[in-house]
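All remarks here apply to the structure that follows.
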Amino acid sequence: MSTATTTHEAHHHDEPPRGLKRWLFTTNHKDIGTLYLIFSLVMLFVGGIMALVIRAELWEPGIQYVDPQFFNAMTTMHGLIMVFGAIMPAFVGLANWLIPMMIGAPDMALPRMNNWSFWILPFAGAMLLSTLFMEGGAPAAGWTMYPPLVLQTGEAFPFLIFSVHLLGLSSIMGAINIIATILNMRAPGMTLMKMPLFVWTWLITAYLLIAVMPVLAGAVTMLLTDKYFGTSFFDAAGGGDPVMFQHIFWFFGHPEVYIMILPAFGVISQIIPTFARKPLFGYSSMVYATASIAFLSFIVWAHHMFTVGMPLAGELFFMYATMLIAVPTGVKVFNWVATMWRGAMTFETPMLFAVAFVILFTIGGFSGLMLAIAPADFQYHDSYFVVAHFHYVLVTGALFAIFAAVYYWLPKWTGHMYDERLGKWHFWLSVISVNVLYFPQHFLGLAGMPRRYADYAIQFTEWNQVSTIGAFAFGLSQLLFVYVIWKCVRGGQKATAQVWEGAKGLEWTVPSPAPYHTFAEAPEVK
Amino acid sequence: MIIEDSDPSGRRRFVIRPNRSLSWRGNLTVIMVLGVLMGTVAAGFAWRGAWPVLPFAGLELAALAAGLYWVARRLSYREVVTIGPEEVVVEQGRRRPQRRSVFPRAWVRVMLERPSHGLHPARLALRCHGRAIEIGALLTDEERERLAARLRAAIAAPGPRAPDHLHPTGGDRAT
């Protein structure tokens with residue numbers, strides 16, 4: 001990891017503009033990072049409320065609170081909002097805040113585009129949410145938007161497609177900006193192999209985004225033309241192929257999973273060395289493992305659709321290719337554990353979330369390996385086991401990494417230490433409730449409960465009730481997270497520049513809170 | 001950033017340029033690698049009938065190329081101030097000098113205008129006989145102040161001087 005030769009003091013002209021205009025027209029990477037993070041937090045709660053509607057309905061068999069159509073709309077909107085509105089923007093927010101400071105750049109390479117890529121999001125998100133109030137209801141065909149079911153959506157359909165286009169456009173602009181910044185604006189001496197792991201993982205993520213977003217755009221455009229312009233891309237009656245959509249969607253969708261988890265790997269690779277007070281074990285192998293995971297993500301998409309009737313050779317290829325991902329992922333887990341090995345570890349809240357990430361993400365990885373076994377997947381497919389698997393990856397993986405990142409860098413952002421006692425309360429409440437929420441879903445899936453149904457057979461009742469209790473506990477725990485952030489923004493013990501005793505990297509050489517402009521003069525990196 | 005060195009003939013030279021960590025050729029390589037990747041993916045889908053992926057891939061690649069070109073162009077700007085025995089030469093441009101100004105060393109003045117308002121940046125210029133050229137606009141105020149001091153020192157350093165009858169103030173050339 002890099003070290004700076006100079007400590008940078010606050011610059012002149014460091015007062016940010018005041019008022020609403022600051023946020024509307026800002027081109028400052030820190031402001032835009034803050035906007036992204038606030039947006040994603042709001043969306044986390046919107047998507048979370050939808051999850052609670054789902055879990056409340058599943059409290060017991062039969063129809064309780066919502067009709068099945070609305071239930072399906074909730075599962076669909078929950079997925080879309082959490083993926084495109086909460087997790088992705090949170091990581092883009094972290095990238096905005098941290099990448100320029102980590103590489104010694106004064107700002108993102110394309111600051112005006114940065115403003116645009118954020119401000120598209122609230123409009124796209126609002127458009128997506130507005131479909132809840134439209135004739136025919138919100139989209140209810142699942143976040144994967146499989147035809148022909150999705151083509152039965154009512155007036156909401158074109159709004160769904162347009163909002164997905166806008167969300168994709170925002171992601172593309174963010175990715176272009178990140179690539180341009182990392183490649184062109186590193187401080188002198190900051191070679192690629194000296195970059196912090198978070199920067200590396202984002203560079204690779206940006207490549208993935210650039211590569212797969214046109215595929216999503218093409219897929220949803222074909223849905224639009226099939227519905228309104230008489231084409232038959234996915235209509236068998238017109239010579240099209242509905243399975244083709246699944247291939248196209250998952251060619252986007254699987255790398256998308258890595259788009260949401262690679263920056264999390266980067267965050268964890270920053271935090272564990274800090275609190276283990278040791279350099280990251282195997283830096284180079286971490287970089288190569290990240291690149292390998294990104295490459296493999298392009299050749300495993302069909303493991304999401306083993307049951308569509310693929311040739312045996314196809315099933316075998318996608319099965320083995322998927323299992324291969326365990327190798328670079330295993331390298332990462334090994335390196336994190338090796339970094340902690342015989343380290344002078346302390347367990348502040350970011351480290352607690354990071355350790356929980358390593359353990360719980362690995363559980364998600366192992367259930368992923370189970371799903372990769374094609375003959376076994378015929379049993380697990382579209383069951384609650386899949387729901388448990390990807391929530392272990394995306395909640396105890398991606399979301400826990402975001403929590404860890406917020407606690408880790410919050411003192412740098414606000415200039416105040418957060419309340420450690422409340423942070424630990426948030427951690428323990430979250431880590432217990434999240435397991436109560438998702439672990440029973442493994443049992444439900446293995447016992448045969450399908451996903452995306454408002455009703456279920458009576459033998460699934462107990463574990464569903466346990467899961468629902470976990471869901472409400474987890475949801476309520478997040479109110480504590482908001483309180484901790486609010487309290488930290490308002491005040492608290494003053495944070496030093498380095499904040500954490502073991503923290504290394506350029507962002508820890510600037511004062512806390514980070515001045516409005518940092519590294520206007522490029523630092524020299526040894 | 002400011003790089004101070006000497007040209008092949010031993011004249012002091014100040015190169016003022018933005019920090020830049022990748023050449024345009026490097027950026028082109030990035031665009032080509034991603035172009036090949038996206039082209040292969042889009043062509044594959046087009047071959048299977050999903051041709052609408054192609055135009056989106058093309059648009060996105062164009063946006064990426066435009067973004068990288070814009071950044072590389074902005075970062076390729078250079079100002080080179082060369083202090084010779086008789087003259088001070090300022091060359092400005094991208095990739096090659098697009099504007100060249102020559103001032104007699106004996107008469108050139110380094111002008112640093114501090115702003116009247118704290119939010120505005122200071123401005124640094126070389127001025128002579130009513131003609132001025134701004135330099136270091138891309139620097140921070142601290143860097144501009146440092147550059148001004150170093151330029152004054154370099155210009156005032158011992159070296160060939162203008163004839164006394166052309167030098168009414170007795171040598172106070174830099175302010």
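Quick one: net charge around A:M190, please, counting Lys, Arg +1 and Asp, Glu -1 for every other residue with C-beta under 13 Å from its C-beta. With Lys, Arg at +1 and Asp, Glu at -1, the neighbours total +2.
Solvent-accessible surface of protein heavy atoms, probed at 1.4 angstrom with all chains present, puts A:S285, A:S512 in the order A:S285, A:S512, largest first.
Stretched out straight at 0.36 nm per residue, the stretch from A:M323 to A:V482 would grow longer than its current Cα-Cα span by 53.4 nm.
What is the dipole size for chain A, taken about its Cα centre, with +1 at each Lys and Arg Cβ and -1 at each Asp and Glu Cβ, in debye to the nearest 20? Mind showing how you got there, number by number?
Numbers: 23 positive and 26 negative charges, 300 e Å.
Dipole size: approximately 1440 debye.
Given a cut-off of 30 Å, what percent of all Cα-Cα pairs of chain B lie beyond it?
Details: 6016 of 15225 pairs.
Taking all Cα-Cα pairs of chain B, the fraction more than 30 Å apart is 40 percent.
The amide H of A:Y456, built 1.01 Å from its N in the peptide plane, has A:G62 as neighbours under 5 Å, considering only residues 5 or more places off or on other chains. In the structure shown, the pairs A:K332/A:K504; A:K424/A:K526; A:K487/A:K526; A:K21/A:K227 are assessed against 31 Å; a Cα-Cα span above that value is assigned to A:K424/A:K526; A:K487/A:K526; A:K21/A:K227. Under a no-solvent Debye model with one identical scatterer per Cα of chain A, what's log10 I(q)/I(0) at q = 0.07, 0.09, 0.11 Å⁻¹? Each listed q corresponds, in turn, to -0.37, -0.63, -0.96.
Taking amide H atoms as placed 1.01 Å from N in the peptide plane, the amide H of B:E87 lies under 5 Å from those of B:R105, each 5 or more residues away in sequence or on another chain. The long axis of helix B:141-156 is offset from the longest Cα principal axis of chain B by roughly 40 degrees. For the range A:184-285, the Stokes-Einstein estimate of translational diffusion at 4 °C and a viscosity of 1.567 mPa s comes to 79 µm²/s, using the Kirkwood hydrodynamic radius over alpha-carbon pairs. Take the convex hull of the alpha carbons in the range A:259-333; its mean projected area over all directions comes to 5.4 nm². By a 1.4 Å probe calculation restricted to protein chains, B:R144 has an accessible surface near 10 Å², given to the nearest 10.
Ranked by solvent-accessible area (1.4 Å probe, protein heavy atoms only, all chains present), the residues A:I373, A:I87 order from largest to smallest as A:I373, A:I87. Distant-in-sequence amide contacts of A:H416, defined by a placed amide H-H separation under 5 Å and a gap of 5 or more residues or a different chain, comprise A:A495. Only protein heavy atoms count here; on that basis, with a 1.4 Å probe, B:L112 has an accessible area of about 30 Å². Within 10 Å of the Cβ of each residue in A:450-460, the mean number of Cβ atoms contributed by other protein chains is 0.
At 0.36 nm per residue, minus the direct Cα-Cα distance, what do A:A237 and A:F133 gain on full extension? Give it in nm, one decimal, please.
The A:A237-A:F133 span can extend by a further 34.2 nm.
The calculated P(r) of the range A:176-225, using every Cα pair and 10 Å bins from 0, goes 22, 40, 20, 13, 5, 0 in percent.
Partner shielding of A:214-227 amounts to 4, given as the average count of beta-carbon atoms from other chains within 10 Å of each residue beta-carbon. Averaged over the residues of B:25-38, the number of partner chain Cβ atoms lying within 10 Å of the residue Cβ comes to 2. Taking Cα atoms only, the orientation of helix A:461-490 departs from the longest principal axis of chain A by about 30 degrees. Within the same chain, lysines fewer than 8 places from A:K494 are excluded, and of the rest, those with a Cα less than 16 Å from its Cα are A:K412.
The residues of the protein assembly as shown have, on average, 41 Å² of accessible surface per residue, using a 1.4 Å probe with all protein chains present.
Listed by chain and number, the aspartates and glutamates whose C-alpha is less than 19 Å from the C-alpha of A:K278, apart from same-chain residues fewer than 8 away, are A:E348, A:E501, A:E507.
Computed over protein heavy atoms with a 1.4 angstrom probe, the accessible surface ordering of B:R25, B:R99, B:R12, largest first, is B:R25, B:R99, B:R12. Principal-axis analysis of the Cα atoms of chain A puts helix A:384-393 at an angle of about 10° to the longest axis. Name the residue from A:F39, B:V33, A:F295 whose Cα lies farthest towards the positive end of the charge dipole of the protein assembly as shown, charges +1 on Cβ of Lys and Arg and -1 on Cβ of Asp and Glu. Ranked along the dipole, the leading option is B:V33. Here the range A:1-156 yields Rg over Rh of 1.12, to two decimals, using C-alpha coordinates and the Kirkwood radius.
Judged by the gyration tensor of its Cα atoms, with axes a ≥ b ≥ c, the range B:24-74 is oblate; a/c meets the 1.5 cut and b/c is at least as large as a/b.
The values are calculated or read from the model by the stated rules, or taken from the named source; none is laboratory data. Note that the coordinates shown come from a computational prediction; the quantities given were computed from them, not determined experimentally. Because the Cβ atoms are built from the backbone with ideal geometry, glycine has one as well, and the counts that use them run over all protein chains shown. Remember, those area values only see protein heavy atoms, side chains included, never the ligands or the DNA or RNA. Shrake-Rupley method; radii C 1.70, N 1.55, O 1.52, S 1.80 Å.
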